[in-house]
1. Ser9 is checked against (1) open to solvent by 70 Å² or more (accessible area, probe 1.4 Å); (2) at pLDDT 85 or above; (3) out of contact with any helix residue (DSSP H, G or I) (no Cβ under 9 Å at 6 or more places or on another chain) and fails just one. What number does that condition carry?
2. Only one of these is open to solvent by less than 100 Å² (accessible area, probe 1.4 Å) and at pLDDT 65 or above: Ser45, Ser78, Ser40. Name it.
3. Do the conditions hold for Val60, that is, is it at pLDDT 85 or above and of a type in the set (A, V, I, L, M, F, W, C)?
4. Kindly evaluate Arg16 against the criterion of being modelled with pLDDT of 85 or more and open to solvent by 100 Å² or more (accessible area, probe 1.4 Å).
5. Do the conditions hold for Ala68, that is, is it more than 30 Å from Ala17 (Cα to Cα), modelled with pLDDT under 85 and assigned to a helix (DSSP H, G or I)?
Amino acid sequence: MSHPSDDRSDLAAIERALTRDDPALAATMDTLNQQFPEQSATRASKPTGRRDRRVVMAFVLGAIALLALLITGLLTDSPSPGDEEPGVRPAALAVAAAAPYLTP
């Protein structure tokens, strides 16, 4: 990849050669550049808004996906094998705990 100053010098050399080869074209281009100076300068220095929106949208969607992944990880906490007593299930414990209140 060439250096920007090299590109500028190459473009200046091309412009000089075109001016030398076709002075009428050079005069027309100078007239147009004088009529529309800001339009060419704005295009060269400012990136398009469409690209900026794409970057913002990609960032927002990535942040949402990361947040969804984090929430999913927190809500699907699987217990370790050593956390529960063997043979005892949480539903059985709930029924056993509620049994005294179920009898009339």
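The values are calculated or read from the model by the stated rules, or taken from the named source; none is laboratory data. Computed from a predicted model, the values in this text were never measured in an experiment. A quick note on method: Cβ atoms are made from the backbone with ideal geometry, for glycine too, and the neighbour counts reach across all protein chains shown. Side chains are part of the model used for accessible areas, which takes the heavy atoms of the whole protein and leaves out ligands, DNA and RNA. Shrake-Rupley method; radii C 1.70, N 1.55, O 1.52, S 1.80 Å.
1. (1)
2. One residue alone meets the criteria, Ser78.
3. Details: at pLDDT 85 or above: yes; of a type in the set (A, V, I, L, M, F, W, C): yes.
Here the answer is yes, as Val60 does meet what is asked.
4. Yes: the conditions hold for Arg16.
5. no
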